[in-house]
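Read-outs throughout are calculated quantities, based only on the coordinates presented, and are distinct from any laboratory measurement. Source: prediction; values computed, not measured. With ideal geometry, Cβ positions are generated from the backbone for all residues, glycine too; neighbour counts draw on all protein chains shown.
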């Protein structure tokens, strides 16, 4: 095959994220061909199926079952002496390729590395020509992740992404060795999960009449109705597809703020003694919504019933309940809310929100699950077993870790991928802070002021993809890539301190990685700026003024 179909030579083998160590590449090569057998040891059967579906399709390889001791073999095995997600990949011209993982996940991540080593052709769904060569250099790679939680939040509430799009996102996460999909399923602008006990949540709450185009100050509207939701069978399929790729799907059901879609469907959930909740519709614009849940027993029972169905769909140890951006004005004006504060001997409305969160922390804990929420749940006191997603900078995560709570670091200023990638006005709907690929690559999830004991509470890190200005797969691709590749290296690889990181080495490896993204059909932002069809002239974003973007 032409040289353009091989992986370009680059420090680190052109691999993204960078592995712990590479011995080689050597002078010899390993060719996977029509006679190459696939030997799958116990615990590796899922990866074997994935290899036949991907490499088998890309190169037209049958990959018949074989013995791990035979030559010309792609052999998979589990060795518990390795870390659970760690792996060793050995390519030797005498007998083929061996991937050994500490567990099934480690074997799968090793298979992802093999796919990268085989070049961009390995990311095609069919051979480009008869006899496409699957060739890699002789080498040995030892690898394993820095963090156990390597995630991406996908907001499907603001703009609905059909099921096939979510499955595609899962494939892209797996290709970058990310293992958590935080699925933001409910918000003011839409309710995206079928709850059979409460059908109006999707009959009413999944649809809005129109949508603001750009920043909330923009005069432009898309007058088409927008909506959609996932059936319970859709979500079972998404969860199963993710599990095959060793990805955990963490559902988010937002309470007590970000709830107008739910209140529009069931007005009794709102503060009915303050506003006419029957007049509310699914929100069509962006920002912080004042309509929050009423702190009543009716509301608690309603969301317990919702979460009963959620737990039946998502086996994730964690359930995210939001807890952010909950304005307290309606509670201050509500006799019902004030009576609840008095009844519970609470100090104020912040403690009322804490009571909300603690109630569901106990409820989830009783069912063997753990609550996680945005860092506002620290206000008014945090339930002992709860974990925190630190989004308003590092402060919430530092406070949580110092008080013994587990943390996922996802600070807005570093890893919100809806933020603009360049200061140029050509950026489509340019909102928020400028965060370039290099900025994301230099993000450090563990604050230096934490002791080793406190730092152990940092479960990992997550990039957040809020979709107010991402109304299509193309827009999603543009905002997420290539920055997610840089983030993946931060989450997986054991990098030096941010200032010491070799960004030039990373960009050389990205030269190889862009060809893989091209083969996958990812519409990433080119290094030189947006292509003509990626621009959105005339759609207002939020100017850089030092203030939080709050689209």
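In table form, for the structure just shown:
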read-out	value
Per-pair calculated FRET efficiency, R0 = 22 Å: residue 359 and residue 305 via Cβ, rounded to 0.05	0.95
Where N is the number of residues in the stretch 118-228, Cα Rg divided by 2.2 N^0.38 Å	1.56
Beta bridge orientation in the stretch 171-276: antiparallel %, DSSP, nearest 5	50 percent
Base-10 log of normalised Debye intensity for the stretch 3-143 (one unit scatterer per alpha-carbon) at q = 0.12, 0.14, 0.15, 0.19 Å⁻¹	-0.41, -0.57, -0.66, -1.12
Degrees, to the nearest 10: 503-520 long Cα axis against longest axis of the chain	90 degrees
Size-normalised alpha-carbon gyration radius of the chain, reference 2.2 N^0.38 Å	1.00
Rg to Rh, two decimals, where the stretch 275-405 supplies the alpha carbon set and Rh follows Kirkwood	0.96
Using alpha-carbon coordinates, inclination of helix 104-117 to the longest axis of the chain, degrees	60 degrees
Of every Cα-Cα pair in the stretch 28-98, the percent that sits beyond 21 Å	21 percent
Peptides ranked, highest mean first, by Cβ atoms within 10 Å: ranges 103-112, 493-502, 42-51	103-112, 42-51, 493-502
Relative contact order (%) - criterion: Cα under 8 Å, at least six apart; region: the stretch 95-147	22 percent
Estimated inter-spin distance, residue 424 and residue 533, nm [label 7 Å along Cα→Cβ]	1.8 nm
Cα centroid separation, the stretch 10-87 to the stretch 469-485 (Å)	30 Å
Cβ-based exposure ranking for 15, 531, 235, in which fewest neighbours within 10 Å come first	531, 15, 235
Angle between the chain longest axis and helix 45-59 axis [Cα atoms, degrees, rounded to 10]	70 degrees
All-pairs Cα distance distribution in the stretch 453-551, expressed in whole percent, bin size 10 Å	11, 36, 34, 17, 2, 0
For the chain, calculated [θ]222 nm from helices alone, where every DSSP H run of n ≥ 4 adds -39500 (n - 2.57)	-9000 deg cm²/dmol
Value of Rg/Rh across the stretch 303-342 [Cα atoms, Kirkwood radius]	1.16
For peptides 20-31, 144-155, 207-218, sequence by mean Cβ density within 10 Å, most packed first	144-155, 207-218, 20-31
DSSP-defined antiparallel bridges as percent of all bridges, the chain, nearest 5	35 percent
